[in-house]
1. What length, rounded to one decimal in nm, is gained on full extension from residue 426 through to residue 12, with 0.36 nm per residue of separation minus their alpha-carbon distance?
2. Given DSSP loops and a limit of at most 13 other Cβ atoms within 10 Å, what is the longest stretch of the chain that contains no such GluC sites (Glu not before Pro)?
3. All other residues with a Cβ under 12 Å from the Cβ of residue 70 taken together, and with Lys, Arg as +1 and Asp, Glu as -1, what is their net charge?
4. Scan around residue 37 for amide H atoms under 5 Å from its own, H built in the peptide plane at 1.01 Å from N, and keep only partners 5 or more places away or cross-chain.
5. Roughly how many debye, to the nearest 20, is the charge dipole of the chain about its Cα centre, given +1 on each Lys and Arg Cβ, -1 on each Asp and Glu Cβ, and no other charges?
6. If you plug each phi of region 25-36 into the Karplus form 6.51 cos²θ - 1.76 cosθ + 1.60 with θ = phi - 60°, what whole-Hz ³J(HN,Hα) values come out, in order, with x for Gly and Pro?
7. Return the sequence-ordered ³J(HN,Hα) values of region 4-16 in whole Hz as given by the Karplus equation 6.51 cos²θ - 1.76 cosθ + 1.60 applied to θ = phi - 60°, using x for Gly and Pro.
8. Looking at the chain, send over the antiparallel percent of its DSSP beta bridges, to the nearest 5.
Amino acid sequence: SDFEKTVADVFSEFQPLSLFLTKVAGIEDRFNNTGAVSLKDILSPLMGTLEASCQFNFMFDIPWLVKQYPKQFRDKPMLLVHGDQGRSEAEMKTDAAQFPHISLCRAKLEMMYGTHHTKMMFLLYDCGMRVVIHTANLISNDWHQKTQGVWISPLFPKLTEGGNTSAGASVIGDSPTKFKRDLLAYVQAYQVVPLAAWERHIRQHNMSAASVYIVGSVPGRHSGDKKMLWGHMKVKKVLKEAGPEHQKVGSWPVIGQFSSIGSLGASMDQWLCDEWLGSLSQCRGNMGTPLSHSKLQLVYPSKENVRLCLEGYGGGGCLPYSIKTARKQIYLNNFVRQWRADGRGRTEAIPHIKTYTRVSPDCKEAAWFIVTSANLSKAAWGALEKQKTQLMIRSYEIGVLFLPRHFGELESFPVGPTAEEVRDSDNVMLPIPYDLPPPNYQKGDRIWMWDVPCVDLPDRHGKKYCPP
Ligand SMILES: O=C(O)c1c[nH]c2c(Br)cccc2c1=O
């Protein structure tokens, strides 16, 4: 029965996609016992005997983070990769100073408004290493009552012959999706000394079992063939080369789901529908016919979704969409859908997860799926400049793209509305985090903005919302 399941059981039940949600306090056990992990689960000795780890993230509570490691691993070297500058970097150094096994590495952020959003773990074991790509900050609140996504890699064994074998251009021990090549390119883009050791660890492991694509973003103005390496242009490239056929999926809707929205331009045709949707609606054999913007659905919590969530209005604190930005892009109201996740028991767990997918009109199949740190913003996905010759990205982001062809020559993923169906299915099934189709906003409801008071109706704790 469920209560005896270990994290090793939970992990093996959800292969080969290995796509999990985080556990949520206060919901029925069945929604946490299958297809869901905590940070302690991920770091458990049952997943491997840790020698060292590297944590990429945006927000860190270092004393809390240390306590998530099992006691026997609490002195193993840990590198924290962050983007903090000035005072917040000083605070981080103070927090880290009390832990001799922790060192810090600041990612360069030379583009205005760029952030180090990437949420990734490198876990080096005595017998191999694992990569975890997820959406949660390393603070207690992000792992308590929110919906977060986690992809956990297979255990990558150490390469036998001669270790790092930097065989010139090609990479030894890579997968059909070039996971290792692209992960190395991402790590190398930081150009910081502390990551050189982790680059070597990656080189020394056989990652041929990785069946997902890396979709990363690194700050900069990327041109030439580097233009297709990052952000939405990487997605476009992969979908064009290896995505499902246009005649099968060409009319399917594209669904974006995220926890924040950037300034996307005065009209939908400037970036959202031409450039960004143009990349995410790519498929093999596509003759360039753009997807009608009536097929774009954007899942982002409404005010009522926040009011009724487990955390009450406070849950909106991680949905930093400002009225200043919202009033410049009212066209978004035509695309937004509610967050509802009854199938996973998480309708009331605010979505900090970010996912992007393309599903059939009957909601039974998915053409592809992405879980990533990237919200709906130009800073994260990139914006083409100079007559589309360069892709300008402000932030570090990372995610993974699942294509059906790498999971048994499938043409599409059957969609699993509940974790039990995915667990019990004999064939590959996509554990979709939210209900399909995403419901429209109700009349009188509005998009959540974190700087707009809510004084008409109280939340479940009887509180109103009066932002500072
Ligand atoms: O990378 C992330 O996950 C996040 C980035 N920026 C945020 C702001 Br600004 C305000 C509140 C929450 C977040 C957040 O969660």
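1. Numbers: separation 414, 0.36 × 414 = 149.04 nm, distance 1.32 nm.
This chain segment gains 147.7 nm when fully extended.
2. So the longest stretch without any such site is 162-408.
3. Numbers: positive: 40, 67, 71, 74, 76; negative: 41, 75.
Value of the local net charge: +3.
4. The list, which skips near neighbours in sequence, is 21, 22, 23.
5. In debye, rounded to 20, the chain gives about 1300.
6. Going residue by residue, I get 6, x, 10, 4, 3, 4, 7, 10, 7, 10, x, 9 Hz, with x marking Gly and Pro.
7. Result, ordered by residue: 8, 5, 8, 5, 5, 5, 4, 5, 6, 5, 10, 8, x Hz.
8. Antiparallel bridges: around 65 percent, rounded to the nearest 5.
None of the figures in this text is laboratory data; all of them are computed from the coordinates on show. Because the structure is predicted, anything quoted here is derived from the model rather than measured. Backbone-built Cβ (ideal geometry, glycine too); neighbour counts: all protein chains shown.
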